[in-house]
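Participant: Structure below; questions to follow.
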Amino acid sequence: MKRIIILFLPVISALSAYSQTYLQDGDHCFEAGDYVCAETKYEEALEFTGKEDLPKVEIGLTRARQCARYIKDADEAFEKENYGVAKENYQKVLDSNPKDTKAKLQLEECNNFLATASIQEGKTCFEEGKYACAETKYSEALKLASGKNKLTADKGLDKAKLCAKSIKAADQEFEKEDYKAAKEDYQIVLDTNPQDAYAKSRLEKCSELINPANIKVSKETLSFSQSGGSERIEVEITNAGSYSVDALPSWCTKQEYEEYFVISCRENAGSTKRTDYFTVTAGNKKVRINVEQTGKTVNRAGTATVTATQKPVRTRNCFNCPGTRDNWGLTLGYADYDNAEGVLFGPKFEPLFKYGFGLNTGINFEARSYKIYEIYEFEFDRYTINIPLHLEYRLNFSKWFNMFFYGGLGFNAVTDADFSDYLLPVTFEYGGGFRISHIQFGIGKSLYIGDFKYIDYFGQYNYTYQNYAVSISYMF
C-alpha cells in the first residue's frame, strides 16, 4: 500500500502544481479585466484542482462570468447612449474588481455624459425662470462632473441660487408694496438671467407703480364736417417711452409723430351723423377721444334745409349694445351632406339691435357635387339658392370682437345640373360663430322640415339636411 502511495505522490503533486498555475493565471486575467481569459483559466483549473482549492476556483469562475456579463451589458448600453444603465453595470464590475481600468475609465465617461445632460437641463430650467429645477439639475451634475463640467455646474448652481433668493425677496417686497426694493431685486435677477420673462414683467410693473405713466392730449373730442378733414392732436407723456393710437374708427386714418398725431376722416356719404371713439395709450394710462362727423344735408320740399347736425345725438347706454355698424358682408363657405359636398357664396345682411339681438339673413348661392373631386374641377350635380331668416344673439365684448348664436328658418330652391327638376325644401338652421374686426367666422347645421313642392307631406319627415356648414365673411 505504501508503495502505491509513493508511486502516486509525484502524480498528485504534478496535478496540484497545474491547478495552482491555472488558478494564478485566472487571477491575473481577472485583475487585468480580461474576463474571457479568466473564465478559461478557471475552467482549466477545475480539471486539476483538489478539494482544498476547489472553492477558490469556483468563486473566481463565478466572478469572471458575472463581470463578463456586466461588461457586455454596460458596453451595449453605452453604445445606445443609455449612460445611466451603462454606469450601473460598470459600477458592478468595479465592485467585484476595483482594478479593472477599462470599467473605471468608462464609468468616468458615463459620469461626464450624465453631467453634461444635467447641466443642459439645468440651463433650460434656468432660462425659463424655474430656479428650483435648475438647482436640482446643477446639483446632480456636480455629483458626477469633473474638470470643466464641474466648474460649469458649480457656476450654474450659484446663479440659480442667487436668482431664486432674489425672486423670493422681490415677491415679498412687492406684496408689502415696497416697490423700490422689489425693483432692485428683480433687476438682480435680470442681470443674471436676462431671459426671465416673469422678472421682466414685474420690474416694469414696479417702475409703473413707482413713477406712474401719464398722458395729456390737446383734444378729447374731434368734430368733422360731412366732407371730412384732418385734426392735429398734441401729446404730452411722462414716465413712458412712447404712445399708441388704438381702436380707430374704420372711416378714419392716423399718422403718428413723436409729440403729436394727425387724424384724418373720409367724407360721410350718408345723411346720418356718425360717432365713434378711439384711445391713446402710454404705459398703463389710457385716454379716450370721441369722434363725430355730420352727414349730408337733406333738402325737403317746402321746408328749410335740415342737416344731420341738428338732430340730437343718441347715446348708447343699453346692456350689450352692438359695438359695430358693419351689417353688410360677403360670405364664402363649405357645406357637408350625407352623400354630397358643396361650396357656397353670397351677400349677407345682419342688422343689429339693442341688448345683443339681431337678424341673420342674405342670399347664399350653392353648388353641390356627389363626388368631391368634381368640386375642384367645377363640375356640379345640384344648384341651390338659400335665403336664411334667423334670429341672432350676440355677446358684444368690444367693437372689434363679438360672439354670436343663431337659429331660424332657411328657404331653399334646389335644381339639378340640367335645370330639369326642382325642389323647395324648408330647413331649420342653427349655429354660431365669432367676429374679429371685419372678419366673421361661422359654423352651423340644418334640419329638413318639409318641401313646398309637396305641401301635403309638410312636417311629416324630419332628418338632418346639412351635417355642417362652415363660412367666412367679410363685413362692412
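Laboratory data are not the source of any read-out in this text; all were calculated from the coordinates shown. From a predicted model like this one, the values you see are computed outputs, not experimental measurements. When we count neighbours, we look across all protein chains shown, and the Cβ atoms used for this are built from the backbone with ideal geometry, even at glycine.
Participant: Can you give the calculated 222 nm mean residue ellipticity of the chain, where each DSSP H run of n ≥ 4 adds -39,500 (n - 2.57) and the sum is split over every residue, rounded to the nearest 500 deg cm²/dmol?
Facilitator: -13500 deg cm²/dmol
Participant: Oh, and also: Say a paramagnetic label sat at a point 7 Å from the Cα of I363, along Cα to Cβ; which residues of the stretch 377-397 have their backbone N under 19 Å from it?
Facilitator: 383-390
Participant: Right, another one. I'd like the FRET efficiency for L190 and F419, computed as 1/(1 + (r/R0)^6) with the beta carbon distance as r and R0 of 45 Å, rounded to 0.05.
Facilitator: Using R0 = 45 Å, I get an efficiency of 0.05.
Participant: What is the distance, in nm, between label points placed 7 Å from the Cα along the Cα-to-Cβ direction at H438 and at Y468?
Facilitator: The modelled label-to-label distance comes out at 2.9 nm.
Participant: With angles folded into 0 to 90 degrees, how steeply does helix 131-144 sit against the dominant principal axis of the chain? Use alpha carbons for both and round to 10.
Facilitator: Compared with the principal axis, the helix lies near 20 degrees.
Participant: Right, something else. Nearest 10 degrees, 0 to 90: what angle lies between the long axis of helix 2-31 and the longest principal axis of the chain (Cα atoms)?
Facilitator: 30 degrees
Participant: FRET efficiency for E258 and D95, Cβ-Cβ distance as r, R0 = 60 Å, nearest 0.05?
Facilitator: The formula returns an efficiency of 0.20 here.
Participant: Okay, moving on. Mind listing the phi-derived Karplus ³J(HN,Hα) values for the stretch 352-368, rounded to whole Hz, using 6.51, -1.76 and 1.60 with θ = phi - 60°, and x for any glycine or proline?
Facilitator: For the stretch 352-368, the Karplus-derived couplings read 10, 10, 6, 6, x, 7, x, 10, 10, 9, x, 9, 10, 9, 10, 10, 10 Hz, x marking Gly and Pro.
Participant: Work out from phi, with θ = phi - 60° and the Karplus expression 6.51 cos²θ - 1.76 cosθ + 1.60, the ³J(HN,Hα) of each residue of the stretch 401-416, listed in order in whole Hz, and give x for Gly and Pro.
Facilitator: 9, 8, 10, 9, 9, 9, x, x, 8, x, 9, 10, 10, 10, 9, 7
Participant: Between helix 35-48 and the chain, what is the angle of the helix's C-alpha long axis to the longest principal axis, kept within 0 to 90° and rounded to the nearest 10?
Facilitator: 30 degrees
Participant: While we're looking at this one, here's another question. Quote the relative contact order of the chain in percent (integer), defining contacts as alpha-carbon pairs under 8 Å separated by 6+ residues.
Facilitator: Numbers: 948 pairs, mean separation 30.9, N = 476.
Reported as a whole number, the value is 6 percent.
Participant: P(r) tail for the stretch 334-416, what percent of Cα pairs lie past 15 Å?
Facilitator: Working: 2170 of 3403 pairs.
That tail contains 64 percent of the Cα-Cα pairs.
Participant: Kindly write out, for the stretch 269-280 in residue order, the coupling ³J(HN,Hα) from the Karplus curve 6.51 cos²θ - 1.76 cosθ + 1.60 (θ = phi - 60°), rounded to whole Hz, with x marking Gly and Pro.
Facilitator: The phi angles translate into 7, x, 8, 9, 5, 10, 9, 6, 7, 9, 10, 10 Hz.
Participant: Now, a different point. Treating the stretch 214-297 as a set of equal point scatterers at the Cα positions, no solvent, please give the Debye-formula log₁₀ I(q)/I(0) at q = 0.23 Å⁻¹.
Facilitator: Log10 I(q)/I(0), no solvent term: -1.04.
Participant: Quick one: grab the alpha carbon gyration tensor of the chain, order the square roots of its eigenvalues as a ≥ b ≥ c, and give me rounded if a/c is under 1.5, else prolate or oblate depending on whether a/b is larger than b/c.
Facilitator: Oblate.
Participant: Next up: Tell me which lysines have Cα within less than 22 Å of K80's Cα, excluding those fewer than 8 residues away on the same chain?
Facilitator: Straight-distance partners of K80: K72, K92, K102, K104.
Participant: Distance in nm between label sites at K216 and N320, each 7 Å beyond Cα in the beta-carbon direction?
Facilitator: My value for the distance between the label points is 4.3 nm.
Participant: Give the Rg (one decimal place) followed by the Dmax (whole number) of the stretch 345-476, computed from C-alpha coordinates and expressed in Å.
Facilitator: 16.2, 49
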